[in-house]
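Coordinate-derived values only; no laboratory data. Keep in mind the model is a prediction, meaning the values are calculated, not measured. Here the Cβ positions follow ideal geometry from the backbone for every residue, glycine too, while neighbour counts run over all protein chains shown.
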Amino acid sequence: NAGVTQTPKFQVLKTGQSMTLQCAQDMNHEYMSWYRQDPGMGLRLIHYSVGAGITDQGEVPNGYNVSRSTTEDFPLRLLSAAPSQTSVYFCASSYLRGGNNSPLHFGNGTRLTVT
Amino acid sequence: SQQGEEDPQALSIQEGENATMNCSYKTSINNLQWYRQNSGRGLVHLILIRSNEREKHSGRLRVTLDTSKKSSSLLITASRAADTASYFCATRETSGSRLTFGEGTQLTVNP
């Protein structure tokens, strides 16, 4: 049981490039989400999904796309990278059954630098 | 804007002392959760308290919830150097499934 796996761990992009951050979980969690963490700002929700084929926007969705074709995978796409997207990105998942009382399980993060 | 706000932003104590962190939030919640983050790692869940609960214990952790004041506190008793980390509160609103985090408290426990 690997939990939540994020790849890559580090990435450097030039402004305007695109890339996909990968996230996979093997716990059969319905809920998956992406956060970015910036100094002094805590974690901000980018996009989330409550099941395969269902996605929704969080607090800071602009510049990012997601899809959920399977229960296990929830990739985050940067369409045209900007320096403002330099951040640490975390994927997290949880069960939804039980009245939303399940904790989030986090990956170890992807540190992205856009130059 | 952030749903949860932690107070203080930073806390430095000596080993053996108790550490108290506070969290305030804005909307009606289903539950409130506390997470810990060691430097360079992902967050790890510590404890969850439901909106109909007032206090919960787990080992050296004690969490209280006051829904009338929209606030929660996390108490770590008999702190250890290994407790040094950032601590975040997160709330799950009654109207949806997403979890919203505060900005965190950086706790330093000096040996």
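The residues neighbouring A:CYS23, those whose beta-carbon lies less than 15 Å from its own, together hold a net charge of +1 under the Lys/Arg +1, Asp/Glu -1 convention. Averaged over the residues of A:56-69, the number of partner chain Cβ atoms lying within 10 Å of the residue Cβ comes to 1.
Averaged over peptide B:99-108, the number of partner chain Cβ atoms lying within 10 Å of each residue's Cβ comes to 4. Bridgeable aspartates and glutamates around B:LYS70 (alpha carbons under 16 Å apart, same-chain partners fewer than 8 residues away excluded): B:GLU5, B:GLU6, B:ASP7, B:GLU53, B:GLU55, B:GLU93. Where both bridge residues fall in the protein assembly as shown, DSSP classifies roughly 90% of the beta bridges as antiparallel.
Considering only A:GLN37, A:HIS47, A:GLN17, the residue lying farthest towards the positive end of the dipole of the range A:1-60 is A:GLN17, judged by Cα position with unit charges set on Cβ. Rounded to the nearest 20 debye, the dipole magnitude of the range A:1-94 is 340 debye, with +1 charges on Lys and Arg beta carbons, -1 on Asp and Glu beta carbons, and the Cα centre as origin.
Taking every residue in A:30-40 and counting other chain Cβ atoms within 10 Å of its Cβ, the average works out to 2.
Protection proxy ranking of B:97-108, A:37-48, by the mean of other Cβ atoms within 10 Å over each peptide's residues and highest first, is B:97-108, A:37-48.
Counting only the backbone N, which residues of the range B:2-40 are under 15 Å from the spot 7 Å out from the Cα of B:ASN110 toward its beta-carbon? Inside the label zone: B:11-18. Within the range A:1-27, find all residues whose amide N lies under 20 Å from a label point positioned 7 Å from the Cα of A:ALA52 along Cα-to-beta-carbon. In the range A:1-27, the label zone of A:ALA52 (backbone N under 20 Å from the point 7 Å along Cα→Cβ) covers A:2-5, A:22-27. Computed extension length for B:ASP66-B:ALA78: 1.9 nm, one decimal, from 0.36 nm per residue of separation with the Cα-Cα distance subtracted. For a straight C-alpha distance cut-off of 17 angstrom, the lysines reachable from B:LYS69 (same-chain residues fewer than eight places away being disregarded) are B:LYS26. Around the Cα centre of the protein assembly as shown, unit charges on the Cβ atoms of Lys, Arg, Asp and Glu (plus for the first two, minus for the last two) sum to a dipole of about 160 debye.
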